[in-house]
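Reviewing the structure listed below.
The values are calculated or read from the model by the stated rules, or taken from the named source; none is laboratory data. This one's a predicted model, so the numbers in the text were calculated from it and none came from an experiment. Every residue, glycine as well, gets a Cβ built from its backbone with ideal geometry; the counts of neighbours run over all protein chains shown. Quick note on the areas: whole protein, heavy atoms, side chains included, nothing else; ligands and nucleic acids left out. Shrake-Rupley method; radii C 1.70, N 1.55, O 1.52, S 1.80 Å.
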Amino acid sequence: SRLVVLVSGSGTNLQALLDVAADPAYGATVVAVGADRPAIEGLARAERAGLPTFAERVSDHTSREAWDSALAEKIAEYKPDLVVSAGFMKILGPAVLSRFTVVNTHPALLPAFPGAHAVRDALAYGVKVTGCTVHLVDAGVDTGPVIAQTAVPVEDGDDEATLHERIKVVERGLLVEVVGRMAREGWRVSGRTVRLGTTL
Ligand code: GRF
């Protein structure tokens, strides 16, 4: 399967996919990496891997819809079987979502703590357990059907950085597992249920 990965930051989730995709048994390869801004570490990781990259800033377009369409065209150039949003910090619109299946990873147990500050919000709330969620992207903010989740304990003395780091270790493993299963076994959606080839 052909993956296009969308990033906005350091790209450690992307790196996990790049590393595992080196094994042909994984069943998926990253064919291109896109971002919502240029010159970020995630794009540098793609360049180091010899992959084509693209960046589409919202501010370079006359409207959100124009940005969404431009992004969809860029993605389409690489003919992906699946798009992976890995730390991508923009809400994707109908031009992208009508053409591609998009999987997102979120550093909280949705529906708790959606949005751009999930780890900070979980800490502020005082939860004892948080985690990460891999889900299909729909038109909302982190509202699409859940595919898989893993719980992560909050430790005494955690701050946003230590908690997010603990989550990211688990998150990259969950993303690699889910994307690999979708690539190898396929998936089908009925309502809010996403079934992969076998269990999970
Ligand atoms: C991940 O935890 C992602 O879920 C969140 O921000 C982090 C991005 O990490 N949106 P990276 O860019 O993959 O290193």
*Grab the eigenvalues of the alpha-carbon gyration tensor for the stretch 96-200, scale each by 5, take roots, and send me the semi-axes largest first in whole angstrom.*
26, 15, 11
*Counting only C-alpha contacts under 8 Å and six or more residues apart, can you give the relative contact order of the stretch 63-200 as a whole percent?*
19 percent
*For a paramagnetic label modelled at 7 Å from the Cα of residue 76 toward its Cβ, which residues of the stretch 94-127 fall within the zone defined by backbone nitrogen distances under 17 Å?*
94-102
*Under unit Cβ charges (Lys, Arg +1; Asp, Glu -1), what dipole magnitude, rounded to 20 debye, does the chain have relative to its Cα centre?*
540 debye
*If the chain between residue 63 and residue 47 were fully stretched, how many nm would it gain, using 0.36 nm times the residue separation less the Cα-Cα distance?*
2.9 nm
*Based on DSSP H runs of at least 4 residues, each adding -39500 (n - 2.57), what is the mean residue ellipticity at 222 nm of the chain after dividing by all its residues, to the nearest 500 deg cm²/dmol?*
-11000 deg cm²/dmol
*Loop-located GluC sites (Glu not before Pro) in the stretch 92-200, at most 11 other Cβ atoms within 10 Å (DSSP)*: 155
*What are the lysines whose alpha-carbon lies under 28 Å from the alpha-carbon of residue 79, with same-chain residues fewer than 8 places away excluded?*
90
*How big is the stretch 42-90 by Rg and Dmax over its Cα atoms, in Å?*
11.8, 33
*Answer rounded, prolate or oblate for the chain, using the Cα gyration tensor with square roots of eigenvalues a ≥ b ≥ c: rounded when a/c is under 1.5, else prolate when a/b is larger than b/c, else oblate.*
rounded
_Over the stretch 1-53, with the other protein chains present, what is the accessible area per residue in square angstrom, probe 1.4 angstrom?_
38 Å²
*Rounded to the nearest whole Å², what accessible area per residue is found for the stretch 110-188 with the 1.4 Å probe?*
48 Å²
*Report the charge-dipole magnitude of the stretch 1-98 in Debye, nearest 20, computed about the Cα centre from +1 at each Lys and Arg Cβ and -1 at each Asp and Glu Cβ.*
80 debye
*If you average the sequence gap of Cα pairs under 8 Å that are 6 or more apart and divide by the length of the stretch 1-137, what percent do you get for the contact order?*
24 percent
*Hey, any idea what % of the chain's accessible area is carbon plus sulfur with a 1.4 Å probe?*
54 percent
_In the stretch 38-81, the trypsin sites (Lys or Arg not before Pro) that fall in loop regions by DSSP, at most 13 other Cβ within 10 Å_ = 57
*asked:* Solvent-accessible area of residue 123, probe 1.4 Å, all protein chains present, reported in Å² to the nearest ten, please.
replied: 50 Å²
*Set of aspartates and glutamates with alpha-carbon distance to residue 74 below 19 Å, sequence-local pairs under 8 removed*: 36, 47, 56, 60, 65
